[in-house]
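Novice: Quick one: structure below, then a few questions.
The values are calculated or read from the model by the stated rules, or taken from the named source; none is laboratory data. None of these values were measured; they are calculated from a predicted model. With ideal geometry, Cβ positions are generated from the backbone for all residues, glycine too; neighbour counts draw on all protein chains shown. Ligands, DNA and RNA are excluded from the accessible area calculation, which covers all protein heavy atoms including side chains. Shrake-Rupley method; radii C 1.70, N 1.55, O 1.52, S 1.80 Å.
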Amino acid sequence: MEYRDYRYVMQDTGKLYVGGKFSLGDLAQERDVPFKFQAILNTYVMKEVDPETTIESLFYYMEGSGMVYQTFLNLRTKVKASEKREIKKFRGGTKTEYREQIYSLDDFIAIPVAEKMKKGMLIQEIQCSKMAILGFAL
């Protein structure tokens, strides 16, 4: 895996997808990020979080309270994470697999950090609703 593997911004008609390895400071200056999303980050998120914090670590350790949590909750954010699993083979032995799953923000935050570490969870991206971004009042 290279440094830029999870540093991307994509859009479709309904969602904005942001890779988990972006730092908030880089994301606020990235050319492909919609202006309103950058304004939301600068106004509500970066006042409480260090700009060097990555999306992955922000959501991994996020608690279910505070302005940052409320901001991403109002953006109807979902978290795409992969979880490491040990699968038993038919002929004995085990095989390691990663299973991807998309969690709502509340569901992901409800998982304790110790359990996330035990499961080997990695945040790949966050998904924000474009309608929620459009309706967000600055």
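Novice: For each pair in K15/K95; K36/K84; K47/K84; K36/K80; K21/K88, compute the distance between the two Cα atoms and list the pairs where it is over 24 Å.
Specialist: K15/K95; K36/K84; K47/K84; K21/K88
Novice: Quick one: among Y69, Y17, Y98, which has the greatest mean-square fluctuation in a GNM of the chain with alpha-carbon springs under 10 angstrom?
Specialist: Ranking Y69, Y17, Y98 by mean-square fluctuation puts Y98 first.
Novice: Moving on. For region 1-82, give the percent of accessible area contributed by carbon and sulfur heavy atoms, probe 1.4 Å, rounded to a whole number.
Specialist: Solvent-exposed carbon and sulfur of region 1-82 make up 48 percent of the total.
Novice: Now for a separate question. Region 50-138: which GluC sites (Glu not before Pro) are DSSP loop and have at most 12 other beta-carbon atoms within 10 angstrom?
Specialist: On the way: sites: E52, E56, E63, E83, E86, E97, E100, E115, E125; in loops: E52, E63.
Sparse-neighbourhood loop GluC sites (Glu not before Pro): E52, E63.
Novice: Which value in deg cm²/dmol, rounded to the nearest 500, describes the helix-derived mean residue ellipticity at 222 nm for the chain, given -39,500 (n - 2.57) per DSSP H run of n ≥ 4 and division by the residue count?
Specialist: After summing the helix terms and dividing by the residues of the chain, the value is -7500 deg cm²/dmol.
Novice: Please list 3J(HN,Hα) in residue order for region 102-107, calculated via the Karplus relation 6.51 cos²θ - 1.76 cosθ + 1.60 where θ = phi - 60°; whole Hz, with x for glycine and proline.
Specialist: Residue by residue, region 102-107 yields 9, 10, 6, 4, 5, 5 Hz.
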